[in-house]
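Participant: Pasting a structure here, questions to come.
Read-outs: derived from the displayed coordinates by stated rules, not from any lab. None of the values given here were measured: they were computed from a predicted structure. So basically every Cβ, Gly included, is an ideal-geometry build from the backbone, and we count neighbours across all protein chains shown.
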Amino acid sequence: MNAPATENAGQVASAAESPGWALRLSNVNKAFEGVQALKDVAFRVRLGEIHCLAGENGCGKSTLIKIVTGVYSPDPGTEIEVFGKRLASVTPASARALGISVIWQDLALFPHMTVAENIAFDESVGMLPRLYTHGASYKRADRILRRLRVDLDLNATLNSLPIAQRQIVAIARALHGHARLIFMDEPTSSLTQSETNNLLKIVKTLSEEGVSVVFVSHRLAEVIEISSRLTVLRNGRLVGVYDTADMTQTRLGHLMTGQDLVSEISARDRTDRRAVLEVEGLNRKGEFSDISLDVKSGEIVGVIGLIGAGRTELAHSLIGMTKPDSGTIRLDGRKIAPRSVRDAIAAGIAYVSEDRLTLGLIQQQSIAANIVITVLKKVLGKLGLISPKREASLVSNWIENLSIQVGHPEHAVSTLSGGNQQRVVLAKWLTTNPRLLILDSPTVGVDVGARAGIFKIARKLADEGIAILLISDEVHEVHYNSDRVLHMLNGRVVWEHDPASASLADLESRVYA
């Protein structure tokens, strides 16, 4: 068992004893309308350190970050010290002036502006038009990107870039504002493994230059890889501060949840089952080629591959979002050619998108509205209007079946944690009674405890006879939660992996070769 690092909860060293601190917080408390979000939390980050802030959704991570950046005011008694300066209070403006920056999941960038304009934006705000020059912004942005050792087209508009490159722009913008302490909130949640590796290299570069980075991620392997120490919160309280040198994912999962989360092979032989999905010779130019596969009743087939593999593109053709150029798709032996998502739903296919925030849910709508949106006809009354009684019955049934933690079904779905939002997406699709369920990166932005719950649900659905296609770029997810795994590379299925007879290392060596 790992012992906490020496500077654990409640120990507050003097400035003379620890001159190398970028941030020191002590006795942090914050309550919202009687709900204690943080209780007696201590948090410290060294100069030039990569420090992880770990914990499940709702543990207080975001509240702590917002206190550091002046978005929230802590309750009386909190002690704050930034780069050796004792502060009575922090505002967003003073935090920026001190060199504190946050890169949130949504990045807060401007999609129709260029890379250079986004990087130099803060400096140009309020500047008179005659004093702003494109050339000066271009040079400053170029200097920052060289510092990060990356090459981007400074004249490209942000919306033309993949998410991995937008992350780099967000980091460059923070550095342009002279950031010395950067909080990164789930920076890899939408990235493939190769993109993640590139981002981690950049984070290490920042650390080498003396910039302190606080890394927040639900991907335990990268947390352990990138950080030297980690602070664990649970239910608004400090569990401890730990060195990561000999930390394991199992141990960290236990610290975060208070439960033992053990990964076990769940693969089962389904060769005797009839095929629900049969794909033969499916092609779409520039996306995937000659795809042939099947998924049997009650089987979970994993699909793994790095960027450009064509995994999500294949899913889009199966659900009717795009049309393949050639090949056949059969569902329960019947040939189908869905020309829309509605066609695919009618045929018996459901799709949980990797982009939960924009494609999976309507964030402003209620939990109930999101659950019934795919089956409105089921909840209509005699006059063709939604029957509150039918809607309530259907919604309560799925909330109970999937153990969705909600305050009230009429609350906005945006008020839920990532794990509970993903369960709402599952409920939305399961109301259609699908024969085939496609799970595309279902644990993006979901904490470790909730991930286990989602895969438990997937296995239960498979036990009920639903065929499941599990798409992921996380090797351990498909290895431990699939009956078979297909490896896609450059748009083709190149290898089949049997988790029951081959090791995780075997799959990793293939995928990352």
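Participant: For Gly302, list long-range residues whose amide hydrogen, built 1.01 Å from N in the peptide plane, is under 5 Å from its own amide hydrogen.
Facilitator: Here Leu470, Asp483, Arg484, Val485, Leu486 satisfy the definition.
Participant: Just how large is the dipole of the stretch 189-254 about the Cα centre, in debye to the nearest 20, putting +1 at every Lys and Arg Cβ and -1 at every Asp and Glu Cβ? Display every interim value, and only then the final one.
Facilitator: On the way: 7 positive and 7 negative charges, 64 e Å.
With only Lys, Arg, Asp and Glu charged at Cβ, the dipole is about 300 debye.
Participant: What are the lysines whose alpha-carbon lies under 21 Å from the alpha-carbon of Lys66, with same-chain residues fewer than 8 places away excluded?
Facilitator: Lys30, Lys39, Lys85
Participant: Below 14 Å, Cα to Cα, which aspartates and glutamates can Lys323 reach? Residues fewer than 8 away in the same chain don't count.
Facilitator: Within the straight-line cut-off, Lys323 pairs with Glu287, Glu313, Asp343.
Participant: Please work out whether the stretch 269-364 counts as rounded, prolate or oblate from its C-alpha gyration tensor, where a ≥ b ≥ c are the square roots of the eigenvalues and a/c under 1.5 means rounded, while otherwise a/b larger than b/c means prolate and anything else oblate? Walk me through the numbers on the way to the answer.
Facilitator: Details: a/c = 1.38, a/b = 1.25, b/c = 1.11.
Taking the square roots of the gyration eigenvalues as a ≥ b ≥ c, the stretch 269-364 is rounded.
Participant: What are the residues whose amide H is under 5 Å from the amide H of Leu277, where those residues sit 5 or more places off or on another chain and H is modelled from the backbone?
Facilitator: For Leu277, whose amide H was placed from the backbone, the distant partners under 5 Å are Val295, Asp332.
Participant: Ok, one more. Mind checking the angle between helix 448-463 and the chain's longest principal axis? C-alpha axes, 0 to 90 degrees, to the nearest 10.
Facilitator: In the chain, helix 448-463 runs at an angle near 0 degrees to the longest axis.
Participant: Count the DSSP beta bridges whose two residues both fall in the chain, then state the antiparallel fraction as a percent rounded to the nearest 5.
Facilitator: Details: 44 of 78 bridges.
DSSP beta bridges in the chain are roughly 55 percent antiparallel.
Participant: How would you order 314-325, 406-417 from highest to lowest mean count of nearby Cβ atoms within 10 Å?
Facilitator: Ranked from most to least packed, the peptides come out as 314-325, 406-417.
Participant: A follow-up question, please. Over the chain, what is the mean sequence separation of C-alpha contacts under 8 Å (at least six apart), divided by residue count, expressed as relative contact order in percent?
Facilitator: Numbers: 1019 pairs, mean separation 80.8, N = 513.
Averaging sequence separation for qualifying contacts and normalising by length gives 16 percent for the chain.
Participant: Still on this model: What are the ³J(HN,Hα) values, in whole Hz, obtained from phi via the Karplus relation 6.51 cos²θ - 1.76 cosθ + 1.60 with θ = phi - 60°, for each residue of the stretch 419-429 in sequence order, with x given for Gly and Pro?
Facilitator: Each residue's phi maps through the Karplus curve to give x, 6, 4, 5, 5, 5, 4, 4, 4, 4, 7 Hz.
Participant: Over the stretch 359-433, calculate the relative contact order: mean separation of alpha carbon pairs under 8 Å at least 6 apart, over the residue count, as a percent. Don't jump to the answer; show the numbers that get you there.
Facilitator: On the way: 82 pairs, mean separation 34.7, N = 75.
Averaging sequence separation for qualifying contacts and normalising by length gives 46 percent for the stretch 359-433.
Participant: What residues qualify as long-range amide H neighbours of Leu23, i.e. H under 5 Å apart, gap of 5 or more or another chain, H built at 1.01 Å from N?
Facilitator: Val45, Phe83
Participant: Give me the percent of Cα-Cα pairs in the chain that sit more than 33 Å apart, rounded to a whole number.
Facilitator: The answer is 46 percent, as a whole percent.
Participant: Next question. So which GluC sites (Glu not before Pro) in the stretch 442-494 end up in coil per DSSP with only 14 or fewer other C-beta atoms within 10 Å?
Facilitator: In loop regions of the stretch 442-494 (DSSP not H, G, I, E or B), the sparsely surrounded GluC sites (Glu not before Pro) are Glu464.
Participant: A further question on this structure: According to a simple spin-label model (label point 7 Å from Cα along Cα-to-Cβ), what is the distance in nm between Ser340 and Lys39?
Facilitator: 5.3 nm
Participant: Pop a pseudo-label 7 angstrom from the Cα along the beta-carbon direction at both Asn397 and Asn433 and give the gap in nm to one decimal.
Facilitator: In this crude spin-label approximation the distance works out to 1.0 nm.
Participant: Okay, moving on. Reachable aspartates and glutamates from Lys460, Cα under 12 Å, same-chain residues fewer than 8 places away excluded?
Facilitator: Straight-line reach from Lys460, under 12 Å: Glu299.
Participant: Starting from the Cα gyration tensor of the stretch 359-433, multiply each eigenvalue by 5, take the square root, and state the resulting semi-axes largest first in whole Å.
Facilitator: Working: eigenvalues 77, 28, 26 Å².
Ellipsoid half-lengths, sorted descending, are 20, 12, 11 Å.
Participant: To the nearest 500 deg cm²/dmol, what mean residue ellipticity at 222 nm is calculated for the chain from DSSP H runs of n ≥ 4 alone, each contributing -39,500 (n - 2.57), summed and divided by the residues? Mind showing how you got there, number by number?
Facilitator: Numbers: 17 runs with 163 residues, N = 513.
Only helices count here, giving -9000 deg cm²/dmol.
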